[in-house]
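The values are calculated or read from the model by the stated rules, or taken from the named source; none is laboratory data. Quantities reported herein were computed from a predicted structural model and do not represent experimental measurements. Note that we place each Cβ from the backbone using ideal geometry, even for glycine, and neighbour counts take in every protein chain shown.
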């Protein structure tokens, strides 16, 4: 039981690192790179306690080809991921590995599914064009809130640099991103 909890925490920490930390690195950020802070909260279940993580992130590219760098507020790299069709390279201070796709990256880091391909579109203020969605507030051209892939996405504070996405169910997951610079 303790080992499973430790493994779950490690997965969440890595995922949050991958999703939420804007890695401060010596390389020059490319045009269109989104940088900011992310927070991930996974609700408690019968088997696991609540988990919360936050980190800095730099995210560039798109769901087909891109990169994600995660770091602590002090600039220590937690993880980096680069992907192209059919291949995702993940590096952490402890290991390097190759995965098949972004779904595998989410599963490996979170221990549960998260639509990372859709998150790219959400962070750019729109629904992902690869899956149906339902506008719950606003209109089809400018949705303020919508549901997609089992997630409730809130863009009402997008102009202020805030995105919130929530997945109800067990475990419920809340992802909040705040960015410093938007492409």
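All conditions in (1) within 16 Å of residue 174 (Cα to Cα); (2) buried (at least 19 other Cβ atoms within 10 Å of the Cβ) hold for residue 102, with the sole exception of (1).
Select from segment 35-52 the residues that are surrounded by 21 or more Cβ atoms within 10 Å (Cβ to Cβ) and either over 16 Å from residue 179 (Cβ atoms) or out of contact with any helix residue (DSSP H, G or I) (no Cβ under 8 Å at 6 or more places or on another chain) (or both) and list them in ascending order. Steps first, please.
Looking only at segment 35-52, we keep the residues that are surrounded by 21 or more Cβ atoms within 10 Å (Cβ to Cβ), and these are 36, 38, 40, 42, 51.
36, 42, 51 - these are the residues of segment 35-52 that are surrounded by 21 or more Cβ atoms within 10 Å (Cβ to Cβ) and either over 16 Å from residue 179 (Cβ atoms) or out of contact with any helix residue (DSSP H, G or I) (no Cβ under 8 Å at 6 or more places or on another chain) (or both).
When residue 72 is tested against the conditions (1) in contact (Cβ under 8 Å) with a residue 24 or more places away in the chain; (2) under 28 Å from residue 158 (Cβ atoms); (3) surrounded by 16 or more Cβ atoms within 10 Å (Cβ to Cβ), the lone failure is (3). The residue that is farthest from residue 62 (Cα to Cα), among those in segment 111-125 that are touching a strand residue (DSSP E or B) at 6+ places or on another chain (Cβ under 7 Å) and outside any loop (DSSP other than H, G, I, E, B), is 122. Candidates 112, 142: the one that is modelled with pLDDT under 95 and either closer than 19 Å to residue 43 by Cα or surrounded by 15 or more Cβ atoms within 10 Å (Cβ to Cβ) (or both) is 112. Could you check segment 86-110 and list, in sequence order, the residues that are in contact (Cβ under 8 Å) with a residue 40 or more places away in the chain and touching a strand residue (DSSP E or B) at 6+ places or on another chain (Cβ under 9 Å)? Answer for segment 86-110, where residues must be in contact (Cβ under 8 Å) with a residue 40 or more places away in the chain and touching a strand residue (DSSP E or B) at 6+ places or on another chain (Cβ under 9 Å): 90, 92, 105, 108, 109, 110.
In segment 61-68, is there at least one residue being surrounded by fewer than 19 Cβ atoms within 10 Å (Cβ to Cβ), at positive phi and not in a loop (DSSP other than H, G, I, E, B)? The answer is yes, given that some residue of segment 61-68 is surrounded by fewer than 19 Cβ atoms within 10 Å (Cβ to Cβ), at positive phi and not in a loop (DSSP other than H, G, I, E, B). Among the residues of segment 82-103, those identified as touching a helix residue (DSSP H, G or I) at 6+ places or on another chain (Cβ under 7 Å) and assigned to a strand (DSSP E or B) are 83, 88, 90, 99.
Of all residue pairs spaced 6 or more apart or on separate chains, those with beta-carbon atoms under 6 Å, a first member in segment 148-160 that is at positive phi and a second member that is surrounded by fewer than 19 Cβ atoms within 10 Å (Cβ to Cβ) are 149/131.
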